[in-house]
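The values are calculated or read from the model by the stated rules, or taken from the named source; none is laboratory data. Because the structure is a prediction, the values reported are computed rather than measured. With ideal geometry, Cβ positions are generated from the backbone for all residues, glycine too; neighbour counts draw on all protein chains shown.
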2 protein chains.
Amino acid sequence: MTNKDDKSGLRQAGRRRFLHQGAGMGASLGGAAALGALAAPAARAQALTVPPWTREPGEPVLWHAYGQPSGFESNVIRRNRGAAPMPGANSSMTPLQDLRGIITPTGLVFERHHAGIPLIDPAQHRLAVHGLVDRPRIFTMDDLVRLPSVSRIHFLECSGNTGREWRAPSASSVQISHGLLSCCEWTGVPLSVLLEEVGVRPEAAWVLAEGADAATMTRSVPMAKALEDALLVYAQNGEMLRPEHGYPLRLFLPGFEGNMSIKWLRRLKLGRAPFMTREETSKYTDSLPDGSARQFTFLMDVKSVITFPAPDHRLRDRGFYEISGLAWSGYGRIQRVEVSVDGGRDWREAQLQDPVLDRALTRFRLPWRWEGGPAVLQSRAIDEAGNVQPTPAQLVAARGYESTYHYNAIQAWRVAADGRIANARA
Amino acid sequence: MTNKDDKSGLRQAGRRRFLHQGAGMGASLGGAAALGALAAPAARAQALTVPPWTREPGEPVLWHAYGQPSGFESNVIRRNRGAAPMPGANSSMTPLQDLRGIITPTGLVFERHHAGIPLIDPAQHRLAVHGLVDRPRIFTMDDLVRLPSVSRIHFLECSGNTGREWRAPSASSVQISHGLLSCCEWTGVPLSVLLEEVGVRPEAAWVLAEGADAATMTRSVPMAKALEDALLVYAQNGEMLRPEHGYPLRLFLPGFEGNMSIKWLRRLKLGRAPFMTREETSKYTDSLPDGSARQFTFLMDVKSVITFPAPDHRLRDRGFYEISGLAWSGYGRIQRVEVSVDGGRDWREAQLQDPVLDRALTRFRLPWRWEGGPAVLQSRAIDEAGNVQPTPAQLVAARGYESTYHYNAIQAWRVAADGRIANARA
């Protein structure tokens, strides 16, 4: 709510108090001297007035049998950069600037579709498993939900997330720059259970996964990943998948680029070599300065971003703020996040919210006092494998300017003296 | 989807395969002999038919800017036992029988209201803190969201959950018997931060918490709990609270009975003694056989329930099933869950899903083969404090039959030979 207009004298009083007496976390956030302003008669009268919602009974129980957000939160929605040539081949972003903690509510989990959202009847849906297997088989959803299951909290990120920062850093919103990113509790059947069921032939080294959407989205998955921790997911944050996230069945590959976690999964074919589908030849590859291309860049690199304050917010008063953001890595757990408020000269270690989970979003926080002058805020994540999030210059030195995918550089937000916040490289 | 009619020959074939070749977790779930049935021409033809959702592009991106469940899941909703004399003084239950993992999607988190759901404008909402404090103060929501925050995954259970099992075990649905139970990621300000801000006087021993609903719901909280881990919560599963869960601000007391986590929190008053509100005298107390009453029964006891299979489901075929359920305790982490399928003669240790979190729902699972005869399924939880979930007889021996709240006995589901499932004590 920090970006709403502030017309309340009471609120101004509160802000001044944080300003003049506030301190960092662990210390008192104020002193007795400022109390006068807050205990002023006008403020007291406002608080003691009985508001309408206390005078009358409210909406009945089961006002919504399936609950919805408050009407006052109607601005917290998925958004995209605008229309695409084909309305079904587009993406929408998660409003990271409005979220707290690590779980993304399912209604706000980002979307990326290649031919729109198919509306699939689960009773009619089938998963065929064939190719280099001993017992090719067709599974119904009822078959699959009876198999042994696991639940895991993992992030999901599109490999194109933040891709526009390579050449033209311009995003004026963390939703638009980093919002192809979400984190949920996923439940499903380990793919290894299914593969044991059908019997993998020794020569099988790759799995083709195919979606039931009109794009029949296809990717090749190495057998090692399929056996290690790939899931056939049917539930997300407790309930069955939503249509836009693959209902009734999707592949989920922890730590891998999002497009490989094929939605609306209808077919798995085992083969000797990668299948070289259009999504791994014409797309999801990156050109390098020497003219070669990176292909099969499965793992998402270590990355972080400050979600508050971000260009979506405006600081209205000097004083205490809690810098907050998200860090993640396809290589495992986040080990450390460092934050700079002075453009990268000094770095302080942020606090990580427990539990820090394997290949999940990790919330970091750092207390900060804004003194009203310009500031540049940045975060840098380090994962348990020792990977350090690079600067944009380091990333460009390694990969050049022709890449679209796997941009993971440090993001800098510039705070102006008037409290407005912008992309520091825009 | 296990309780839907099964008209598919393919599915029948699959079931027979689990029946004849299936085995427990870790072993192959089938053998080659059954493949013939699944590879029959009719089944193959069905799978190879291109369904309508593959032939035509689907719904566009941002079909819903805030996502909604599939229309095929319209049966997965909150429910209650029926109308109450006052439509706002009632509850709704979470459909535990349809959920997976530990996170409850916010749209399905149970409700309990005393005077309906107030629709509060967060810009107008105030929290007053007064009584035995050095600096009484009124906070706006903008004040509160600027303070240091934490996020924690915890269960929330109404102390009346499963209360009807004391005298008249009758629930024919785990949603109705145990559905006043949910688990979310909660984000807010530690109450200790706020209390340091206002300065607690040495003689303060209790905190009165008051809601802004038309019931001005009030409870007394011991100062030790207020300082230890109480939270002023504004976000749930990542986004701002929903109206029915206290928008824009609620108290949250990990492990305590749900009614004390006052929703729509508008006032905290510090005092020397409990305030003896109507919610801790006429309600939320339990009569004992000797005529005395239990009062201030804050902590929720160790408890568990099997959510699949439950009376909401029906087993259609013999063979492999994964028994799955939830365990929780207000005393800390769940240490162990044991499951019996033979009415309590033999108990096997269930697998607990990692991470097992402090005062959070814990998912347990156990592979099972149903041989088609009668069976009685039960789960028994043990927490890290050593508390063991009692049998109904043990609970009655300790507390008699006049209690309503804090029923935590072992729940037994009876499976009949036809696959129907019932409350074993009904």
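So the values come out like this:
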quantity: Selection count, region A:146-168, where residues are surrounded by fewer than 21 Cβ atoms within 10 Å (Cβ to Cβ), more than 14 Å from chain B (Cβ to nearest Cβ) and touching a helix residue (DSSP H, G or I) at 6+ places or on another chain (Cβ under 8 Å); calculated: 1
quantity: Residue tally, condition in a strand (DSSP E or B) and of a type outside the set (Val, Ile, Thr), over region A:131-145; calculated: 3
quantity: Hits in region B:146-168 (condition: more than 11 Å from the chain's Cα centre (by Cα) and part of a strand (DSSP E or B)); calculated: B:Val150, B:Ser151, B:Arg152, B:Ile153
quantity: Strands (runs of 3 or more DSSP E) (entirely within region A:177-242) containing at least 2 residues that are within 12 Å of chain B (Cβ to nearest Cβ) and either aromatic (Phe, Trp, Tyr) or more than 27 Å from B:Glu59 (Cβ to Cβ) (or both); calculated: A:181-190
quantity: Subset of region A:65-83 (residues that are within 20 Å of the chain's Cα centre (by Cα) and assigned to a helix (DSSP H, G or I)); calculated: A:Glu73
quantity: Residue satisfying all of: in region B:84-117; of a type outside the set (D, E, K, R) and in a strand (DSSP E or B); farthest from the other protein chains (Cβ to nearest Cβ) among these; calculated: B:Met93
quantity: Neighbours by Cβ (under 6 Å, 6+ apart or cross-chain): first from region A:351-377, without any contact (Cβ under 8 Å) to a residue 24 or more places away in the chain and more than 13 Å from A:Pro309 (Cβ to Cβ); second assigned to a loop (DSSP other than H, G, I, E, B) and among the basic types (Lys, Arg); calculated: A:Val356/A:Arg333
quantity: Unique match (being touching a residue at least 60 places away in the same chain (Cβ under 8 Å) and over 30 Å from B:Gly271 (Cα atoms)) among B:Gly116, B:Gly101; calculated: B:Gly101
quantity: Odd one out for B:Gln353, checked against (1) more than 14 Å from chain A (Cβ to nearest Cβ); (2) surrounded by 19 or more Cβ atoms within 10 Å (Cβ to Cβ); calculated: (1)
quantity: Residue that is over 24 Å from B:Gly271 (Cα atoms) and either at pLDDT 95 or above or not assigned by TED's automatic domain parsing to the domain that holds B:Glu239 (or both), where the choices are B:Pro136, B:Pro122; calculated: B:Pro122
quantity: Filter result for the condition that a residue is crowded, with 21+ Cβ neighbours inside 10 Å and among the charged types (D, E, K, R), over A:Asp121, A:Asp143; calculated: A:Asp143
quantity: Condition check for A:Gly372: at positive phi and touching a strand residue (DSSP E or B) at 6+ places or on another chain (Cβ under 6 Å); calculated: no
quantity: Filtered residue count, region B:243-269, keeping only those that are on the phi > 0 side of the Ramachandran plot, surrounded by 24 or more Cβ atoms within 10 Å (Cβ to Cβ) and more than 10 Å from chain A (Cβ to nearest Cβ); calculated: 1
quantity: For B:Lys283: the one exception among (1) of a type outside the set (Ser, Thr, Tyr); (2) part of a loop (DSSP other than H, G, I, E, B); (3) at pLDDT 95 or above; calculated: (3)
quantity: Check on A:Val61, within 7 Å of another protein chain (Cβ to nearest Cβ), more than 24 Å from the chain's Cα centre (by Cα), of a type outside the set (Ser, Thr, Tyr) and under 20 Å from B:Gly71 (Cβ atoms); calculated: no
quantity: Failed item, numbered, when A:Arg399 is tested on (1) surrounded by fewer than 21 Cβ atoms within 10 Å (Cβ to Cβ); (2) closer than 24 Å to A:Arg100 by Cα; (3) of a type in the set (Lys, Arg); calculated: (2)
quantity: Residue check, B:Phe256 closer than 22 Å to B:Phe110 by Cβ and in the same structural domain as B:Ala171 (by TED's automatic domain parsing); calculated: yes
quantity: Filtered residue count, region A:34-64, keeping only those that are crowded, with 16+ Cβ neighbours inside 10 Å and at pLDDT 90 or above; calculated: 11
quantity: Region B:124-138, residues that are within 7 Å of chain A (Cβ to nearest Cβ) and either buried (at least 20 other Cβ atoms within 10 Å of the Cβ) or free of Cβ contacts under 8 Å to residues at least 12 places away in the same chain (or both); calculated: B:Gln124, B:Arg126, B:Arg137, B:Ile138
quantity: Any hit, region B:272-293, residues being crowded, with 20+ Cβ neighbours inside 10 Å, within 14 Å of another protein chain (Cβ to nearest Cβ) and within 23 Å of B:Tyr405 (Cβ to Cβ); calculated: no
quantity: Tally of residues being touching a helix residue (DSSP H, G or I) at 6+ places or on another chain (Cβ under 7 Å) and either surrounded by fewer than 23 Cβ atoms within 10 Å (Cβ to Cβ) or not charged (D, E, K, R) (or both) across region B:69-98; calculated: 9
quantity: Residue in region A:65-81 that is more than 7 Å from chain B (Cβ to nearest Cβ), within 30 Å of A:Gly116 (Cα to Cα) and modelled with pLDDT under 95 present; calculated: yes
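Per-residue answers, yes or no, for (1) surrounded by 16 or more Cβ atoms within 10 Å (Cβ to Cβ); (2) of a type outside the set (Val, Ile, Thr):
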residue	(1), (2)
B:Gly343	no, yes
B:Leu361	yes, yes
B:Phe364	yes, yes
B:Trp368	yes, yes
B:Glu371	no, yes
B:Val376	no, no
B:Thr404	yes, no
B:Ala409	yes, yes
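The rows are residues; the columns are (1) away from chain B (no Cβ under 14 Å); (2) touching a strand residue (DSSP E or B) at 6+ places or on another chain (Cβ under 6 Å).
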| site | (1), (2) |
| --- | --- |
| A:Phe308 | no, yes |
| A:Pro311 | yes, yes |
| A:Arg318 | no, yes |
| A:Ser324 | no, yes |
| A:Arg333 | no, no |
| A:Arg336 | yes, yes |
| A:Ser340 | yes, yes |
| A:Trp347 | yes, yes |
